[in-house]
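Scroll down for the structure; my scribbles are underneath it.
Any read-out appearing in this document is the output of simple, stated calculations on the displayed coordinates, not a laboratory observation. Being a predicted model, the structure only gives us computed values, none of them experimental.
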């Protein structure tokens, strides 16, 4: 499904995404690339902030690149980063994961002979391990700690299950759409499904907003996602882990 082909959503809804401009040289996209979302998510467990994910998603004629860094806030910091490269058709070109602290592990996922292969190094001195997956390049990456990957999956759902009606995006309510996913850190794959459950008023940073609520169903439990009119995730709730993720 060529979900990137017209906008970052690929749904031709006639709506422009509001791009986030920080004004710093570091944040400027490469030539031909435009920033479609950028910012950070705060991760809260039992109401206490424990980590931050900083991310940047760019799109251009040759495809899309999503970069992310995850840091814990307390004690000895744990730091991981990732980069997901997608073709204009939304297929995986390359996925790279790096752990900077406390370990030095790394993993790479690339297409090989029509399927995906993951190469893992648990430390800089370890010999690389290789694990094949009978999964196509159209599989969605949902790695641990990177909540921006869930936003990208949501955009794919919007392109797959929704349609344009009088310049407005219409999605079927309470109808699940299934996707194949790969979690490189866990070295495992599983099907997940997404559905729109309707609009809901949510208090974010002291302001009440009416957002679209989606549910991500997986074998490990359900995640609730609240999305604004620019198709950007504002809040994620993982009730089973007492975890809440909020856009800063």
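Computed as a quarter of the hull surface, the mean projected area of the alpha carbon convex hull for the range 31-107 stands at 6.2 nm². By its C-alpha gyration tensor, with a ≥ b ≥ c as the square roots of the eigenvalues, how is the range 167-248 shaped: rounded for a/c under 1.5, else prolate for a/b larger than b/c, else oblate? Because a/c hits 1.5 or more and a/b fails to exceed b/c, the range 167-248 counts as oblate. GNM remark for the chain: springs join alpha carbons under 10 Å apart, and the peak mean-square fluctuation among 187, 48, 156 falls on 48.
In the Gaussian network model of the chain, springs joining C-alpha atoms below 10 Å, which of 222, 144, 165 carries the largest mean-square fluctuation? In the Gaussian network model the winner is 165. From the square roots a ≥ b ≥ c of the eigenvalues of the alpha-carbon gyration tensor of the range 93-156, which class results: rounded (a/c under 1.5), prolate (a/b over b/c), or oblate? Note, shape of the range 93-156 comes out oblate. Normalised by residue number, the volume inside the convex hull of the Cα atoms of the chain is 141 Å³ per residue. Compute the Cα gyration tensor for the range 159-208, then decide on rounded, prolate or oblate, letting a ≥ b ≥ c be the square roots of its eigenvalues: rounded whenever a/c is under 1.5, prolate when a/b is larger than b/c in the other cases, and oblate in all that remain. Oblate, because a/c is 1.5 or more while a/b does not exceed b/c.
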